[in-house]
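Written out below as structure tokens is the structure these notes cover.
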Amino acid sequence: MSSKKTIIILSSGALALAAVAIALAPQGLEAHASGSTASIVFGSTASSTSAATVTKSSFTTSGVTVSSITATKAYSSGSGYAARLGTGSYVGSLKFVFSGTVSVDSITVYAWTYGSDSGSIIKMATSSHTSYVSNTISATSATAYNYAISGSFTNLTIATAAAGKRVNVKSIVFNLSGGTTTSTTVPTSTVSSSTATSTTTYSSTTPVSSSTSTGGTGTTTQASVYRIKPVVASGTTVNVYNVSYSSGMYRGSVVKTLTKGSYYIDPEEVSLYYQAFKALPANYMHYTSSSLSSVKAKAYAAYGTKARLYTEYSRTDGYTKYFPTLNTYYYTEADIDVDGTYAKSSSWNRGVGRLVIVPSGAKCYNDGAFITKTTDHYAHFAEFLNRYNGFGALFNGQNGSGYGSWSQATTVTYAI
């Protein structure tokens, strides 16, 4: 998306936001004001055990058009009945392909557990957010589960995470971002003020947070540990900002640009890339415990010394106990090199360095993925603060000592 916001800097040096004016989409496009929704609705009645495979006739839509659907171990008794994902022996999934682009701030799934199944998970990904975001489904009647997936996409996949962990899905609600669902054209938003003395213009994906403290004179108070909201790409590149405090306010300057599809191995660049594109760089390959050996060989053959591996977990024990409260306990472990030996030959050892990426984020921030780095195999971690030179101080993890507990950073606004 290419929409921009104009931020007005008052003479006192503080940032002021006025009313947002949303331009209408060009003629022939279906425009949605920010805060509106679109939906795919199945039903609130559980389907029978003899239900048929889900088809386009199994649901109704509002605000979006589904051009095709791929159902794998997903069943419905017909319109008005919930979709059941999975069986006792297989995971289930639904992939929706839309006739145009859907632009959202988040997605909500109304779901509940099937029968006596427990520990069920619904995970979600889109064509632009290719790493799964997950929620544990514990309700026994249709309940809202929010997914921190934003941006534009043309297809959506929901799936269960394990066999025998079935779920019922009533509906999927798209919390639209004010873009269009039939075109990639996005309206322009502007902010203006008659009291302004200067203006700064930057992409709408540049973060603005209301959690920064403000002094009585209108200047921003400097925080001891600060972060910025994740910078999300609106195209195929994203800027990396060095954010520092000067003259009563935080200022950001562009120090580099990351490009979608490129290879990255530096932990900070990998973290920034994930925040921007909702996926790991192209040189990361997924593995499971059974495929590790073959994937290592395949990765090395494809990427050489830039080969990196990742996998996912869903658990609440171990080192996640030392993190802030997470929205969901489903996370990615991405390998990083800490001693210069990673992928130096086809038989390399994965070592002790990891990025731990929680796509759904931490409840205390709720603005994107929560990312930490460990260089000693989970004994200690450093939180990523979403900016250049952005890893914070170490805190104790599993069996770690000497650095204290995790503490929350202040989210700050900044001018460019």
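Bear in mind these aren't lab numbers, they're just calculated from the coordinates by the rules spelled out. Just so it is clear, the model here is predicted, and its values are computed rather than measured. Glycine also receives a Cβ, built like all others from the backbone with ideal geometry; neighbour counts cover every protein chain displayed.
Things to note:
- Residue in the stretch 65-78 that is in a loop (DSSP other than H, G, I, E, B), closer than 15 Å to F174 by Cα and touching a residue at least 40 places away in the same chain (Cβ under 8 Å) present: yes
- Hits in the stretch 337-366 (condition: in contact with a helix residue (DSSP H, G or I) (Cβ under 6 Å, 6 or more places away or on another chain) and surrounded by fewer than 21 Cβ atoms within 10 Å (Cβ to Cβ)): S346
- When the stretch 382-416 is filtered for residues that are buried (at least 19 other Cβ atoms within 10 Å of the Cβ), under 20 Å from Y273 (Cα atoms) and of a type in the set (S, T, N, Q), the ones remaining, listed by number, are N386, T411.
- Residues of the stretch 283-312 satisfying the condition of being touching a Phe, Trp or Tyr at 6+ places or on another chain (Cβ under 6 Å) and closer than 20 Å to S120 by Cα: T311
- The residue that is surrounded by the fewest Cβ atoms within 10 Å (Cβ to Cβ), counting only those in the stretch 246-284 that are among the aromatic types (F, W, Y) and touching a residue at least 60 places away in the same chain (Cβ under 8 Å), is Y250.
- G340 meets each of the listed conditions (1) touching a Cys at 6+ places or on another chain (Cβ under 8 Å); (2) free of Cβ contacts under 8 Å to residues at least 12 places away in the same chain apart from (1).
- Positions within the stretch 285-320 being surrounded by 13 or more Cβ atoms within 10 Å (Cβ to Cβ) and in contact with an Asp or Glu (Cβ under 7 Å, 6 or more places away or on another chain), in sequence order: R308, L309, Y310, T311
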